[in-house]
Amino acid sequence: MAILPIRIWGDPVLKKRAAAVSRITRAERELIEDLKETMAAADGAGLAAPQVGVSKRIFTFRIGEEVHVLINPRITKREGKIIGEEGCLSIPGVQAEVARAKYVVITGKDENGKSVTYRLEDSEETGRAGTCVQHELDHLNGDLYIEKAEPNTLSWLIEDENEMGEPEIALLEATPEEILKSYRAKRLPPKVHISEMLRKRVERD
Ligand SMILES: [Zn+2]
């Protein structure tokens with residue numbers, strides 16, 4: 001098992017349509033273990049194989065504290081609409097609001113090759129696994145949430161203080177072009193809020 005480097009937006013692998021998995025071999029099983037370990041280390045809600053540079057249709061995601069795996073996933077039903085804040089480990093320090101289906105049915109295979117179906121509805125009690133699987137499935141198609149963000153909601157997360165001197169996160173509006181340029185130049189706005197693990201990937205040594 002290994003923690004793999006997370007690919008940052010601008011890396012071509014994130015824009016590729018990932019290939020279907022025809023057989024679950026040792027390589028896939030190792031990849032799944034690494035995805036789980038990397039997702040835990042990055043404290044992510046989900047992680048798709050292209051985010052660690054492997055263009056295969058596999059992702060891991062959380063339902064509450066439990067970690068699940070889907071191979072060759074397919075959404076068979078979408079109902080309703082919700083708009084919620086999203087972030088992405090491959091687009092660190094950034095968030096935006098995105099419209100998603102409120103209820104989805106998603107099927108695929110688990111790590112043992114067994115067919116599985118999840119019925120997920122986002123709510124305060126059950127969390128946001130429904131949004132998460134839609135976000136992760138997009139990664140397998142080379143789509144990033146940033147491209148479907150609601151207008152004027154795309155922002156850097158900046159570590160700030162309120163009037164009482166307590167830490168808080170402020171939003172600094174940004175455009176996709178500015179964000180991409182910052183990652184490419186490895187020069188992010190001052191005090192951008194990202195984990196140490198990802199900071200190493202997006203800042204100069
Ligand atoms: Zn993502």
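The values are calculated or read from the model by the stated rules, or taken from the named source; none is laboratory data. Model, not experiment: these values are computed from the prediction. Here Cβ is always computed from backbone atoms with ideal geometry, including for glycine, and neighbour counts include all displayed protein chains.
Quick rundown of the values:
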item	result
Among the residues listed as 116, 105, 98, 133, the single one being closer than 17 Å to residue 65 by Cβ, among the aliphatic types (A, V, I, L, M) and not in a loop (DSSP other than H, G, I, E, B)	133
Search result, residues across the range 80-101 that are crowded, with 18+ Cβ neighbours inside 10 Å and more than 16 Å from the ligand (Cβ to nearest atom)	101
Any hit, the range 10-19, residues being within 15 Å of residue 108 (Cβ to Cβ) and either in the same structural domain as residue 104 (by TED's automatic domain parsing) or modelled with pLDDT of 95 or more (or both)	yes
Criterion (in contact with a Lys or Arg (Cβ under 8 Å, 6 or more places away or on another chain), part of a helix (DSSP H, G or I), more than 16 Å from the ligand (Cβ to nearest atom) and modelled with pLDDT of 95 or more) met by exactly one of 28, 37	28
So residue 177, is it within 30 Å of residue 77 (Cα to Cα), within 20 Å of the chain's Cα centre (by Cα) and more than 16 Å from the ligand (Cβ to nearest atom)	no
Residue among 42, 48 that is within 15 Å of residue 143 (Cα to Cα), surrounded by 15 or more Cβ atoms within 10 Å (Cβ to Cβ), within 13 Å of the ligand (Cβ to nearest atom) and not assigned by TED's automatic domain parsing to the domain that holds residue 193	48
Sole exception among (1) more than 30 Å from residue 171 (Cβ to Cβ); (2) in the same structural domain as residue 102 (by TED's automatic domain parsing); (3) in contact (Cβ under 8 Å) with a residue 24 or more places away in the chain for residue 84, by number	(1)
